[in-house]
Amino acid sequence: MSPIDVNIVKSCTGIECVTLKDWFSIIGTILGATLGAGLGSLGSYLLFKRKLSEEGKKTKREFHKEYKRVNKLLELVIDQLDQLYSSWESHKEKKPFLVIVSSLLQRVRKEILNIPHQSIPDDIFDNVEELEDEIGCMEANVNFFHIGGEYVEKPKYLIEFKESLDKIKQLRTEIDKFKKDG
């Protein structure tokens, strides 16, 4: 057997042994990892954003579908309330009319409450809740007129009736505007 030739080279320890070629390799690895992570993050962000947009559109579509029947009833109720307010003194017998208006208000309120909360877009959630509250107040006013029987003169609280009616109209307009924008 012949002897094995071994060259002993001084070992390199520490940073002074890193060559320029090694630095390029290190920097390339860091830049590549950063670029890959950045592109992956950007891709997931864009997918998340698209998913949120699609969910928002789906929520709006569901709300519009649910609100359509409420809106028709609401239009009828507003017309009846306007008629009641404008012809308060001329109505001789208000009881049957008040019963009809009261039942319409009750129906609209029930329909609003039947709209699933998750299908109401966040942008108008407060408006829908406030509309339901105002209709409840209006229903109480109409029932008060009906039960109280003060039909001869416009009672003091008829001013509140008009304010509540105006608020219902305003909220309906805001919700309708949202429907057109959406």
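The values are calculated or read from the model by the stated rules, or taken from the named source; none is laboratory data. Nothing here was measured: the structure is a model prediction, and the numbers come from that model. Every residue, glycine among them, receives a Cβ derived from its backbone with ideal geometry; neighbour counts consider all protein chains shown.
Taken over the stretch 96-139, the criterion of being under 14 Å from residue 81 (Cα atoms) and exposed (fewer than 14 other Cβ atoms within 10 Å of the Cβ) is satisfied by 96, 99, 100, 103.
Of all residues in the stretch 146-182, those being modelled with pLDDT under 75, among the basic types (Lys, Arg) and not in a loop (DSSP other than H, G, I, E, B) number 2. For the stretch 40-73, a residue qualifies if it is under 14 Å from the mean Cα position of the chain (by Cα) and polar (S, T, N, Q), and the qualifying residues are 53, 59.
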